[in-house]
1. Can you tell me which residue is surrounded by the most Cβ atoms within 10 Å (Cβ to Cβ) among those in the range 71-99 that are among the hydrophobic types (A, V, I, L, M, F, W, C), within 13 Å of the ligand (Cβ to nearest atom) and not in a helix (DSSP H, G or I)?
2. I need every pair where a residue in the range 5-24 that is acidic (Asp, Glu) has its Cβ under 6 Å from the Cβ of a residue that is assigned to a strand (DSSP E or B) and more than 14 Å from the ligand (Cβ to nearest atom), sequence separation at least 6 or different chains.
3. Identify, please: which residue in the range 236-260 is within 30 Å of residue 103 (Cβ to Cβ) and either part of a loop (DSSP other than H, G, I, E, B) or among the aromatic types (Phe, Trp, Tyr) (or both) and is, among those, nearest to the ligand (Cβ to nearest atom)?
4. Looking at 49, 53, 57, which is the one that is closer than 23 Å to residue 285 by Cα and surrounded by 24 or more Cβ atoms within 10 Å (Cβ to Cβ)?
5. Being of a type in the set (Val, Ile, Thr) and within 9 Å of the ligand (Cβ to nearest atom) is the filter; apply it to the range 22-36 and report the residue that is nearest to the chain's Cα centre (by Cα).
6. Find all pairs meeting these conditions: Cβ atoms under 8 angstrom apart; at least six residues apart or on different chains; first residue within the range 325-350 and under 14 Å from residue 405 (Cβ atoms) and of a type in the set (D, E, K, R); second residue modelled with pLDDT of 95 or more and in a strand (DSSP E or B).
7. Keeping to the range 290-339, report how many residues are crowded, with 18+ Cβ neighbours inside 10 Å and among the hydroxyl-bearing types (Ser, Thr, Tyr).
Amino acid sequence: MNTYVEPAKELPVYGEYDVIVAGGGTAGMIAGIASARAGARTLVVERLGSLGGQLGGFMNTAWTFGDQVHQVVKGIPYEYFKRVEEIGGVENPDYAKDAYILYDSERAKYVITQMFEEEKNLEVLYLTMVADVIKEGNKVTGIIMENKSGRQVAWGKQFVDCTGDSDLLEFAGAEFELLSKERLHPVSLIAKMGGVDVEKVREYYAARPELWKGEKYLGGLPHAGIYNYRLHEELEGIELPEELEYLRDWFILFYSTPNPGEMVLNMTGEIAIDGTDAKDLSRAEHTSRIRLYQAMEVFNKYIPGFEKAYISATAPAVGVRESRKVVGDIKLTADIIMNATKFPDAVCSYQAPLGYHIPDGKDIEFRRMEPGTAYDIPLRCMLPKAIDGVIVAGRNIAVETDAIGSPRSISNCMSMGQGAGVAAALAAQKGVEIRQLPYKELREELEKQNVYFARS
Ligand SMILES: Cc1cc2nc3c(=O)[nH]c(=O)nc-3n(C[C@H](O)[C@H](O)[C@H](O)COP(=O)(O)OP(=O)(O)OC[C@H]3O[C@@H](n4cnc5c(N)ncnc54)[C@H](O)[C@@H]3O)c2cc1C
């Protein structure tokens, strides 16, 4: 690629903060609240016009808050979901046992906006990209932001990288892992379908339990409103036009929401996409939209209850399941998770099955954990090697590709956000690095904020 040397410019300073959170998505919005509640003056910088990231991008299904016996995700994520539930935004509020919590993403975005309004010490700047960092030696001391007003600087004592893609870490020159795109989980543009006769869909599947592949995918976990993962059996014996034939064996998950006549379509949009490459992302947006309409055609013609259904909305951007992950002192593996491993520097405990989206876009492999068990998320898989002033939270922690499906779940990203927000706030207030914080103090503040820790 040709290059051009950008001339140096004097930039205005937007402000000075104790903690700056890059990305106000699933993890970042909770990190912001947790940091502010721990007493730090906090700024959240978000590239979109709303908080919520993938959680607000029409997801509507948050993997379990429980370990199949007890509730394990508590703290701010639970307080948040209870408020969404109170205004009718949760379909199945069994936070201990249900495999998925089905929620309405619009109510979810409204409630998080309210929570930000209520929090003193907390500001958000929407429609703004974190575009670079400023460092003193190995320590990040500021960010350069880019938005309608041009480029500005914000100074901070600690930073939380919740961009999903570790953008801030990349600008800081931190070591990260990015698999070759052929090995990455596929991406999906989530869509909402309106005009669905949900009762008819329910009756169709209730009368044909042999179609339900939940045993394979959920290991028999209780579910509400999830209809199926692939349409192979449903389409048996049906001749499809050649361009739609691939959909027979494609990953297509659909489920109901708390809203009447509405379902969400979560299907593979494109494969072999590097979520940090603008050209790849652009291709993914394009192809996913075509695939969604192709799938809709199949639903309309062949699946009872969808005759009059239509795509009512698509997410603000294609959803990336995996991209740059931090290199920390510990990397989560499938064994660590399946063995419900505990760590002395835990920021939260969690359980969800290992859901591995096979890179060819056609299927998922699930491994379910034992009921009543949970693993810890250690601080050490959130702290980048050789860089100070930054902690990550969200799908960009240090984790193997075949294990990421569990910790990247919405409920756990929120919990990790809470852990990172508190750690950054305490370090900023004490004028130390997170690594130097006495764990006891971090744990005390997290327990004060109602975070649950599983005992060994
Ligand atoms: C298609 C798809 C389906 C999924 N299905 C489920 C499911 O059913 N259940 C479940 O529990 N989990 C599911 N997941 C996983 C889960 O939704 C995500 O792993 C989780 O939401 C990621 O949270 P995060 O905070 O790391 O990232 P996000 O929620 O994506 O947040 C990142 C935020 O950073 C912002 N941002 C990015 N770059 C910058 C920048 N440079 N400057 C400023 N802001 C920036 C983004 O706009 C975004 O708001 C799914 C994921 C995908 C992609």
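1. Checked the range 71-99; the qualifying residue surrounded by the most Cβ atoms within 10 Å (Cβ to Cβ) is 73.
2. 16/155; 18/157
3. 255
4. Sole residue among the options that is closer than 23 Å to residue 285 by Cα and surrounded by 24 or more Cβ atoms within 10 Å (Cβ to Cβ): 53.
5. Taking the candidates together, the pick is 26.
6. As it stands, the answer is 325/176; 325/177; 325/399, since those pairs meet every condition given.
7. Residues meeting the conditions: 2.
Condition check ((1) free of Cβ contacts under 8 Å to residues at least 40 places away in the same chain; (2) within 12 Å of the ligand (Cβ to nearest atom); (3) more than 22 Å from residue 105 (Cα to Cα); (4) outside any helix (DSSP H, G or I)) across all residues:
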| position | (1), (2), (3), (4) |
| --- | --- |
| 266 | no, yes, no, yes |
| 293 | yes, no, no, no |
| 297 | no, no, yes, no |
| 308 | no, no, yes, yes |
| 311 | no, no, no, yes |
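The values are calculated or read from the model by the stated rules, or taken from the named source; none is laboratory data. Values in this document were obtained by computation on a predicted structure and should not be read as measured data. We place every Cβ from the backbone using ideal geometry, glycine too, and count neighbours over all the protein chains shown.
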